[in-house]
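All remarks here apply to the structure that follows.
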Amino acid sequence: MWKVVLKMAAKKVLLTVASGTTGTEAFHELLRRRGKYEIRLLVRPSRINTANFKKYGKAEGVEIIRGDLTSRPDVLKAVCDADYILHTVAIIPPAANDLPGLAAKVNVERSRNLVEAVKACSGQDTVRLVSAGTVAECGERRPHNKLMNASDPVGTGACDHLD
């Protein structure tokens, strides 16, 4: 008797900002599951990122695209044919309070580029986009330090900058 085994292609996961705090953790978790997912990173071409990600450049199941989320062609190249997108970019307080222009550029413009790229890629009707948020999206918690839960309303602090 013949046994037919079909191996499904691994799902492709695009991870933005793998060099950040949240992105680094997400990247390590994806690496642990490398057989289940193909990993694509969109990494800014800085000296430090080049050095930090060099060892993964030829790793099986890992693709590195050097580019920037503010560059629409870079984002389009990274997004097309991805099954999942983990978007882990954010400027949060206190930096967001001190640099509101940068916070708007990073938190709004880069996210908008990502969504527009998904829309521009043909056949991307089923891509799943997960944007990793921060406590800053939930608004001020001081002085009462109230614990948060999923039913809490989304709000902003007095100095948070959202589009």
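Read-outs: derived from the displayed coordinates by stated rules, not from any lab. These figures come from a predicted structure and were not determined experimentally. Cβ: placed from backbone, ideal geometry, glycine included. Neighbour counts: every protein chain shown.
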Checklist entry - How long is the gain from LEU31 to GLU109 if the chain were fully straight, where each residue apart is worth 0.36 nm and the alpha carbon distance is subtracted? => result 25.2 nm
Checklist entry - HN-Hα J couplings of the stretch 41-49 from phi, Karplus 6.51/-1.76/1.60, θ = phi - 60°, integer Hz, Gly and Pro as x? => result 10, 9, 10, 4, x, 7, 4, 5, 5
Checklist outcome for this item: Ordered by number, the GluC sites (Glu not before Pro) in the stretch 11-75 that occupy a DSSP loop and have at most 12 other Cβ atoms within 10 Å are GLU60
Checklist outcome for this item: The answer for ARG40, listing residues at least 5 apart or on another chain whose modeled amide H is closer than 5 Å to its amide H, is VAL13, LEU14, LEU15, GLU63
Checklist entry - So what are the ³J(HN,Hα) numbers for the stretch 69-81, from phi and the Karplus equation (6.51, -1.76, 1.60; θ = phi - 60°), rounded to whole Hz, Gly and Pro as x? => result 5, 8, 9, 4, x, 5, 5, 4, 4, 6, 7, 4, 6
Checklist entry - Which residues in the stretch 87-122 place their backbone N less than 15 Å from a point set 7 Å from the Cα of THR70 along the Cα-to-Cβ direction? => result 90-91, 99-114
Checklist outcome for this item: With x for Gly and Pro, the residue-by-residue ³J(HN,Hα) of the stretch 107-120, computed from phi through the Karplus equation 6.51 cos²θ - 1.76 cosθ + 1.60 at θ = phi - 60° and given in whole Hz, is 6, 10, 4, 5, 5, 4, 4, 5, 5, 5, 5, 4, 5, 6
Checklist entry - Hey, with R₀ at 30 Å, roughly what FRET efficiency would THR24 and LYS119 work out to, going by the Cβ-Cβ distance, to 0.05? => result 0.60
Item to check | Estimated Rh, the stretch 58-101: Kirkwood, alpha-carbon pairs, angstrom | outcome: 13.0 Å
Checklist outcome for this item: Under 25 Å between C-alpha atoms, the lysine pairs in the stretch 11-136 lying 8 or more places apart or on different chains count 22
